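Peer 1: Encoded as structure tokens, here's the structure I'll be asking about.
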Amino acid sequence: MWKVGDTGWHNDKTHPMLAKYLDKLTAGKEKQKILLPLCGKTVDMKWLSDLGHTVVGVEFAKQPVEEFFQEQDIQYTVKDVEAVKGKVYKSKDEKIRLYLCDLFELNSSTEGQFDVIWDRASLVAINVQDRTRYADHMMSLMKQDGRYLLDTFEYDTSKYEGPPTSVPDDVIHTLYGEKCQIERLEKFDCIIEWMKINWHIEHFYEKVDFITFK
């Protein structure tokens, strides 16, 4: 999709939900280690790094990883990482590390665990049959006192099936509810006319949940 320019999920500005809830997400702490699964080339990574946090992204497509460093004018190195069957792109100060690999190949033995997970375009991009595996994987990467901000969408799947995929509330609770507390921070309709015309839906809800271990 990157090669053909089908990247409607990419935003040239810091995501407003991340900016709004950053203090809650970091618990007001500095120098947090933050994971962005399926990161693309989001400018959120540069923004978080500029605030003093260490950012680790995971992406399967080479193009956005290289474009991120080029567009943000960040010098970087590239190294093969056998443990993830891929590569890692590092800024010179190593405060930004982007892994080019299958998301499921990055585990705690490679990068340890994370203080924070910012999931903006990842769960909604995962195949439905892989959701349980995905959620378990994310929880395995989060510290016991870690914090997880999950941004998802919900719409009428009888009229449109995605992408991005719709993630109903009961699915979120099935995936995370047994081990985690789930706090709903936001739910609002962000439908635009283009969606109504092309996807034939009347509502497109964005939902933001704050997830911590029980």
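Peer 1: At 1.4 Å probe size, with no ligands or nucleic acids counted, give the accessible surface of D12 in Å², nearest ten.
Peer 2: Near enough 120 Å² of accessible area.
Peer 1: Any idea of K79's accessible area? Nearest 10 Å², probe 1.4 Å.
Peer 2: Only protein atoms counted, so the area is about 130 Å².
Peer 1: Dividing the convex hull volume of the Cα atoms of the stretch 93-152 by its residue count, what figure in Å³ per residue is obtained?
Peer 2: In the stretch 93-152, the Cα convex hull volume per residue is 101 Å³.
Peer 1: Could you state, as a whole-number percent, how many of the C-alpha pairs of the stretch 8-100 are farther apart than 18 Å? Mind dumping the intermediate values first?
Peer 2: Details: 1759 of 4278 pairs.
Above the 18 Å cut-off, the stretch 8-100 has 41 percent of its Cα pairs.
Peer 1: Less than 9 Å Cβ to Cβ from G52, Lys/Arg counted +1 and Asp/Glu -1: what total charge do the surrounding residues give?
Peer 2: Working: positive: K31, K95; negative: E30, D50.
That sum, taken over residues with Cβ under 9 Å, equals 0.
Peer 1: Then there's this: Between 0 and 90 degrees, rounded to the nearest ten: what's the tilt of helix 62-71 against the longest Cα principal axis of the chain?
Peer 2: 70
Peer 1: When the helix-only estimate is applied to the chain (DSSP H runs of n ≥ 4, each -39,500 (n - 2.57), divided by the residue count), what is the mean residue ellipticity at 222 nm, nearest 500 deg cm²/dmol?
Peer 2: Working: 7 runs with 58 residues, N = 214.
One gets -7500 deg cm²/dmol as the mean residue ellipticity at 222 nm.
Peer 1: Ordering S166, S140, S109 from largest to smallest accessible area (1.4 angstrom probe), what's the sequence? Kindly include the intermediate steps, with their values, before the conclusion.
Peer 2: Details: S166 15, S140 55, S109 105 Å².
These residues rank, largest area first, as S109, S140, S166.
Peer 1: Per-residue accessible area for I197 at 1.4 Å probe radius, Å² rounded to 10?
Peer 2: Probe radius 1.4 Å; accessible area of I197 about 110 Å².
Peer 1: Can you give me the angle between helix 131-141 and the longest principal axis of the chain, using Cα atoms only, in degrees from 0 to 90, rounded to the nearest 10?
Peer 2: 40
The values are calculated or read from the model by the stated rules, or taken from the named source; none is laboratory data. Everything numeric here is computed off the predicted structure, so don't read it as measured data. With ideal geometry, Cβ positions are generated from the backbone for all residues, glycine too; neighbour counts draw on all protein chains shown. Note: accessible area is taken over every heavy atom of the protein model, side chains too, but ligands, DNA and RNA are not part of it. Shrake-Rupley method; radii C 1.70, N 1.55, O 1.52, S 1.80 Å.
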